[in-house]
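Asker: I have a structure I would like to understand better, so I am pasting it below and will then ask my questions one at a time.
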Amino acid sequence: MAEIEVTATRPLPAQASAQAGARSSRQSRVNNLLARVILVIAALAPIPLGSNRPFFWAINALIVGLVGTFYVAALRGMREPFRVGLDRLRPSIVLYGVVALYLVIQVLPLGQLTIGDITLSGVLKVPTEVGAVLTADTISLSPNSTVLMLLRWATYGVLFLLAVQVGTRAHRRDMMLNVIVAIVAGYAIFGLASLLQFGDTLLSMPKWAYEGSATATFVNRNSFATFLSFGAVVTVALLAGSFVRQDDGEADDRRLRIDPIVLVYLLAVAVIAAALLATQSRMGAFAGVMGCLTVVILAQRRLRWRRGWYLLWLPAGLIVVGAGVYLYGQGLVERLGSQAEAADVRLDLYAQVLEMIRARPLLGFGGGAFEQAFQLFHHAPVSPDLVWDRAHNTYLALWSELGLVVGSIPILLVGAAAIRLAWNSSHAGSDWTGRVAAVGVIVVAAVHSLADFSLEIQANTILFVTLLGIGTAARLSKRGTR
């Protein structure tokens, strides 16, 4: 019988290239779709009162979880890996997971456990301001609130990873940043219209707080101010990015040319600045200025501090700020006169929050449980006529709820991200705008969190996490990444 020889054939180089190109095109389409979904989430999150209610936390968690599941399934179907491998983010993922694990531990009934003759309920005793001792079965004084914080924490982690995956390509990053500017400018216009044209209403309803201040769809003017400041920083970063690209493309020609898009960015900055001043948020306006100044300084470093570029920044900034203060900033100027009184109230509050931290420096009182725990330490001179459901300082809130060790992890994660993004940004290329925008947004969040809880409002956190993911993707991306 004749032997039949069977040989395996390999695809020709042209065929292999065509197959790889087809897979690249499919994954690019999936990433483009995911980028648009993330932008829709960021755009819709502020509408229901800043998504500052448990129902909307659950809805957003479900949406982000489903989007992440479908994205992973699509990649597996195409047999493609993540564009940014999780191993490149391993230290941050591990620390992020530590916080999630501790939130789980905080709701476990540890007080019912015994080790030999020792019951852990004694470890969980809480001394109160009046001298009584409260015994709890869980570390958290409000397990339900801690579970909700765990839900939000997981939502932000998944959203960050998704933003990192879609932000690896320069044109997609630019598209997302431009759409974010349009989103924030849209809310700025709506906020001004609600204040000046629609009878100072909140989603067509009478306001129950912050009358006379622009709040758009947010209840709290400070939360809206943070949202606007994020948009202002991104706009200034895009504006500076157009100068950086011009400078790189015309190394031998130092004449100043104004790209038409610059005028659009200046108009967006003017609208956002007007709404920011109309919020009458003192710390919000200050944080926004600090974030924009950070971007400008990084831009000047990137442009090697050439004197000609100052001629554009200085008059543009003065015109925008001057016109905004004249038209919309009277209330803010008046509120600056009461800064000392407001500072005294905050300092009294912070002193009592520090008492909470000293009572449980390592364990904390449970993620999201500040309102319940603070009642045990609330006393004069902090007003008893108000409900103090927030610490009005995100740093103190984290330490009081999670303890000094675990509560410092989110701060360290964001701080380390800022350092990595800013490091060597003066030598960055197409990744410059995304990186610097994220640094500026971190500065806004870090400054405003010193005196308020704006980053604890989910709409703000969603936008913050999205921009941080875009910046991280820009830092990690390589030329030609899909």
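The values are calculated or read from the model by the stated rules, or taken from the named source; none is laboratory data. Quantities reported herein were computed from a predicted structural model and do not represent experimental measurements. Note that we place each Cβ from the backbone using ideal geometry, even for glycine, and neighbour counts take in every protein chain shown. Surface areas here come from the heavy atoms of the whole protein model, side chains and all, with no ligands, DNA or RNA. Shrake-Rupley method; radii C 1.70, N 1.55, O 1.52, S 1.80 Å.
Asker: Going by the structure shown, is L363 touching a strand residue (DSSP E or B) at 6+ places or on another chain (Cβ under 7 Å), part of a loop (DSSP other than H, G, I, E, B) and closer than 27 Å to V107 by Cα?
Answerer: Taking the combined requirement at face value, the residue does not satisfy it.
Asker: Out of (1) open to solvent by 100 Å² or more (accessible area, probe 1.4 Å); (2) at pLDDT 95 or above, the odd one out for R29 is which?
Answerer: For R29, the failing item is (2).
Asker: Which count do you get for residues in region 190-210 that are outside any loop (DSSP other than H, G, I, E, B) and not β-branched (V, I, T)?
Answerer: Of region 190-210, the ones outside any loop (DSSP other than H, G, I, E, B) are 190-196, 201-202, 205-206.
So of that shortlist, the ones also not β-branched (V, I, T) come out as 190-196, 202, 205-206.
Residues that pass the stated criteria total 10.
Asker: Which of the residues belonging to region 211-235 are touching a residue at least 24 places away in the same chain (Cβ under 8 Å) and assigned to a loop (DSSP other than H, G, I, E, B)? Before you say what the answer is, go through the steps one by one.
Answerer: Taking region 211-235 as the starting set, the residues that turn out to be touching a residue at least 24 places away in the same chain (Cβ under 8 Å) are 212-235.
Of everything in region 211-235, those that are touching a residue at least 24 places away in the same chain (Cβ under 8 Å) and assigned to a loop (DSSP other than H, G, I, E, B) turn out to be G212, S213, A214, T215, A216, T217, F218, V219, N220.
Asker: Within region 60-77, is even one residue at pLDDT 95 or above and basic (K, R)?
Answerer: Checking region 60-77: not a single residue is at pLDDT 95 or above and basic (K, R).
Asker: Same structure again: How many residues does region 405-428 contain that are modelled with pLDDT of 95 or more and more than 20 Å from I93 (Cα to Cα)?
Answerer: Going through region 405-428 one residue at a time, the tally reaches 0.
Asker: Now a separate question. Residues being more than 18 Å from the chain's Cα centre (by Cα) and among the basic types (K, R): count how many of those fall in region 37-74.
Answerer: Residues flagged as more than 18 Å from the chain's Cα centre (by Cα) and among the basic types (K, R) within region 37-74 amount to 0.
Asker: Let me ask another. Within the group S425, S400, S408, which residue is more than 30 Å from I297 (Cβ to Cβ), hydroxyl-bearing (S, T, Y) and open to solvent by less than 50 Å² (accessible area, probe 1.4 Å)?
Answerer: Numbers: S425 fails: more than 30 Å from I297 (Cβ to Cβ); S408 fails: more than 30 Å from I297 (Cβ to Cβ).
Just a single option satisfies the conditions, and that option is S400.
Asker: Shifting gears a bit: For region 389-427, how many residues are in a loop (DSSP other than H, G, I, E, B) and in contact with an Asp or Glu (Cβ under 7 Å, 6 or more places away or on another chain)? Can you show your working first?
Answerer: Taking region 389-427 and keeping what is in a loop (DSSP other than H, G, I, E, B), we get 389-393, 407-408, 423-424.
From what is left, the residues that are in contact with an Asp or Glu (Cβ under 7 Å, 6 or more places away or on another chain) are 389-390, 392, 407.
Total meeting the criteria: 4.
Asker: May I ask you to list the residues in region 80-114 that are out of contact with any helix residue (DSSP H, G or I) (no Cβ under 8 Å at 6 or more places or on another chain), open to solvent by 60 Å² or more (accessible area, probe 1.4 Å) and in a loop (DSSP other than H, G, I, E, B)?
Answerer: Correct list: L108, P109.
Asker: Taking A437 and the conditions (1) in contact with a Phe, Trp or Tyr (Cβ under 7 Å, 6 or more places away or on another chain); (2) among the hydrophobic types (A, V, I, L, M, F, W, C); (3) under 19 Å from G284 (Cβ atoms), which numbered condition does it fall short on, given that it satisfies the others?
Answerer: Only one criterion is unmet by A437, namely (1).
Asker: Taking the condition buried (at least 16 other Cβ atoms within 10 Å of the Cβ), basic (K, R) and under 21 Å from N222 (Cα atoms), does R390 pass? Quick ask: steps written out before the conclusion?
Answerer: Working: buried (at least 16 other Cβ atoms within 10 Å of the Cβ): yes; basic (K, R): yes; under 21 Å from N222 (Cα atoms): yes.
In short, yes.
Asker: Any residue in region 400-407 that is touching a residue at least 60 places away in the same chain (Cβ under 8 Å) and under 15 Å from A351 (Cα atoms)?
Answerer: no
Asker: Something else: Is it true that E371 is surrounded by fewer than 24 Cβ atoms within 10 Å (Cβ to Cβ) and out of contact with any Lys or Arg (no Cβ under 7 Å at 6 or more places or on another chain)?
Answerer: Values: surrounded by fewer than 24 Cβ atoms within 10 Å (Cβ to Cβ): yes; out of contact with any Lys or Arg (no Cβ under 7 Å at 6 or more places or on another chain): yes.
So E371 fits the description; yes.
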